[in-house]
Amino acid sequence: MTDHYYTENPNTPSNPVHWQASIKGISLYFKTDRGVFSKNNVDFGSRLLIETFEKPVIPGPILDIGCGWGAIGLTLAKWMPEREIHMVDINERAIDLAKDNAERNGINNVEIFKSDIFENIHESQYAAIVTNPPIRAGKSVVHSIFENSYSHLSEHGELWVVIQKKQGAPSAKKKLEELFGTVEVVKKEKGYYILRAKKI
């Protein structure tokens, strides 16, 4: 069976690479590997989400669901040192890389742990949740992220999602509208949508 980036324990032989990226005016050094999502660079969707994301107006931690090796969560943590950022993924190799990358960049305001979506998440008062959802895992997984995000957000908390039009952005927006009410398309670029849903 072929490994996917949402595989719990990738069997793909390890072959780590090291590189630097600059996002939102922040330079970070990353170690990535085979068996994780977008190992050679910060993918366009994640970069667009990071650059578009706005600081929450309410207090509380921020959650990065499906954090991979840490591009989104670690950049936001460096950008907002006053906030606690929780980062989760099912992929154990990705979690190890994210922890390594937090250490190599001197980022201490993060808590990184393994969780199958919300399975091991006990916080229920997040100011914001961000996700570049695992589209290849299927619509039911993506919709589960949306549904659980609503119950784990504080009042006036926000869910930020990046998704391509061809991978279901319109149907994702419709599902979010069912859960949250009004959903804003904050940005569209090269077929990618940045959606923001606020819990009222």
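Candidates are the residues of the stretch 119-151 that are in contact (Cβ under 8 Å) with a residue 60 or more places away in the chain and either among the aromatic types (Phe, Trp, Tyr) or more than 20 Å from residue 171 (Cα to Cα) (or both); the one that is surrounded by the most Cβ atoms within 10 Å (Cβ to Cβ) is 128. Determine if the stretch 86-103 includes at least one residue that is outside any strand (DSSP E or B), in contact with a Gly (Cβ under 6 Å, 6 or more places away or on another chain) and free of Cβ contacts under 8 Å to residues at least 60 places away in the same chain. Yes: the stretch 86-103 contains one or more residues that are outside any strand (DSSP E or B), in contact with a Gly (Cβ under 6 Å, 6 or more places away or on another chain) and free of Cβ contacts under 8 Å to residues at least 60 places away in the same chain.
Do the conditions hold for residue 76, that is, is it closer than 14 Å to residue 102 by Cβ and either in contact (Cβ under 8 Å) with a residue 12 or more places away in the chain or in a helix (DSSP H, G or I) (or both)? So residue 76 fits the description; yes. If a residue must be under 10 Å from the mean Cα position of the chain (by Cα) and not aliphatic (A, V, I, L, M), how many such residues does the stretch 48-68 contain? Total satisfying the criteria: 4. Note on the stretch 186-200: among residues that are surrounded by 12 or more Cβ atoms within 10 Å (Cβ to Cβ) and free of Cβ contacts under 8 Å to residues at least 60 places away in the same chain, the one that is farthest from residue 125 (Cα to Cα) is 191.
Taking the conditions exactly as written (under 23 Å from residue 146 (Cα atoms), buried (at least 23 other Cβ atoms within 10 Å of the Cβ), within 15 Å of the chain's Cα centre (by Cα) and β-branched (Val, Ile, Thr)), does residue 95 satisfy them or not?
Considered against the rule, which asks whether it is under 23 Å from residue 146 (Cα atoms), buried (at least 23 other Cβ atoms within 10 Å of the Cβ), within 15 Å of the chain's Cα centre (by Cα) and β-branched (Val, Ile, Thr), residue 95 comes out as no.
May I ask you to list the residues in the stretch 164-179 that are farther than 16 Å from residue 149 by Cα and surrounded by 15 or more Cβ atoms within 10 Å (Cβ to Cβ)? Don't jump to the end; show me each part of the working.
So in the stretch 164-179, the residues farther than 16 Å from residue 149 by Cα come out as 164-171.
164, 167, 168, 169, listed by residue number.
Of everything in the stretch 10-24, what is in a strand (DSSP E or B) and exposed (fewer than 14 other Cβ atoms within 10 Å of the Cβ)? Give them in sequence order.
Those that are in a strand (DSSP E or B) and exposed (fewer than 14 other Cβ atoms within 10 Å of the Cβ): 17, 18, 19, 20, 22.
Within the stretch 43-64, count every residue that is of a type in the set (Phe, Trp, Tyr) and either buried (at least 19 other Cβ atoms within 10 Å of the Cβ) or assigned to a strand (DSSP E or B) (or both). Matching residues across the stretch 43-64 total 1.
This table checks each residue for (1) more than 17 Å from the chain's Cα centre (by Cα); (2) hydrophobic (A, V, I, L, M, F, W, C); (3) over 21 Å from residue 76 (Cβ atoms); (4) surrounded by 15 or more Cβ atoms within 10 Å (Cβ to Cβ).
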{"position": "109", "(1), (2), (3), (4)": "no, no, no, yes"}
{"position": "117", "(1), (2), (3), (4)": "no, yes, no, yes"}
{"position": "154", "(1), (2), (3), (4)": "yes, no, no, yes"}
{"position": "181", "(1), (2), (3), (4)": "yes, no, yes, no"}
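Residues in the stretch 25-40 that are surrounded by 14 or more Cβ atoms within 10 Å (Cβ to Cβ) and in a loop (DSSP other than H, G, I, E, B): 33, 34, 35, 36, 37, 38, 39. When the stretch 8-47 is filtered for residues that are in contact with a helix residue (DSSP H, G or I) (Cβ under 7 Å, 6 or more places away or on another chain), charged (D, E, K, R) and within 17 Å of residue 95 (Cα to Cα), the ones remaining, listed by number, are 8, 31, 33.
Bear in mind these aren't lab numbers, they're just calculated from the coordinates by the rules spelled out. This is a predicted model, so every value here is computed, not measured. Ideal geometry is used to build each Cβ from the backbone, glycine not excepted, and the neighbour counts take in all protein chains shown.
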